1. May I ask you to verify whether residue 67 is at pLDDT 90 or above and either within 18 Å of residue 170 (Cβ to Cβ) or in contact with a helix residue (DSSP H, G or I) (Cβ under 9 Å, 6 or more places away or on another chain) (or both)?
2. Taking into account only those residues within the range 69-92 that are touching a strand residue (DSSP E or B) at 6+ places or on another chain (Cβ under 6 Å) and more than 20 Å from residue 139 (Cβ to Cβ), which is surrounded by the most Cβ atoms within 10 Å (Cβ to Cβ)?
3. Looking at residue 58, is it modelled with pLDDT of 90 or more, outside any strand (DSSP E or B) and surrounded by 13 or more Cβ atoms within 10 Å (Cβ to Cβ)?
C-alpha cells in the first residue's frame with residue numbers, strides 16, 4: 001500500500017511508544033501499535049484511473065459547496081475521516097503560485113471554514129484551495145511555482161481531515177456540473193464538469209447571439 005509523505009512523521013511516536021507501553025500493559029502496547037497502523041491507513045494513497053477529459057475532483061468526499069465567486073464557479077469537497085486525503089489536480093496546467101494563509105480552524109463542513117487556515121495553489125485559469133479543519137492543521141502541498149501538473153496528478157495532502165475546493169476556469173456554469181451538493185466523489189476519477197465541451201458550447205452560443 002502506497003503511503004503519502006509525512007505519514008511516518010505522525011505514526012513514528014506511536015511506534016516508539018508501543019514497546020514502552022507494552023512493558024506496562026500488553027493492552028497498551030497493542031493499542032499504540034493499532035494507533036500507528038490507523039495513522040498509516042489514514043494516509044493511504046491508492047492509484048486512480050484518471051479520465052482523459054473534464055475537470056476531475058481534487059479530493060475524495062462529499063460535495064459541500066457550490067457557489068459563484070465573480071465570474072468563476074467554486075466547488076468544495078468535504079473529506080471525512082474515512083476518505084483518502086491525498087489531493088489531485090482537477091486539470092492540467094502550470095502552477096503560478098502557492099500561497100499559505102493562516103486562519104481559524106472551524107469544522108470544515110461549516111460556512112465559517114472559509115476563514116480557516118488554507119493553501120491556495122494558483123494555476124492561472126483555475127485554482128485549488130486546501131482548507132484546514134477543526135482537527136486537521138497540517139496542509140502539505142507537493143507542488144511549487146513553475147511546476148507543470150497533469151490532470152489527476154497528486155498535488156499534496158491534508159493530514160487528518162478537512163476540505164478541498166476547486167475554483168473553475170471562467171465559462172463554467174452550474175448547469176455544466178455533473179455533480180450536486182451531497183454527492184460522493186473520488187479524487188482524480190469523478191468528473192465534476194466537462195470543461196472542454198462547456199467552453200465549446202458557450203462559444204457557439206456567443207457566435208449565435210452575435211449573428
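The values are calculated or read from the model by the stated rules, or taken from the named source; none is laboratory data. Keep in mind the model is a prediction, meaning the values are calculated, not measured. Backbone-built Cβ (ideal geometry, glycine too); neighbour counts: all protein chains shown.
1. So residue 67 passes the test.
2. It comes out as 91.
3. yes
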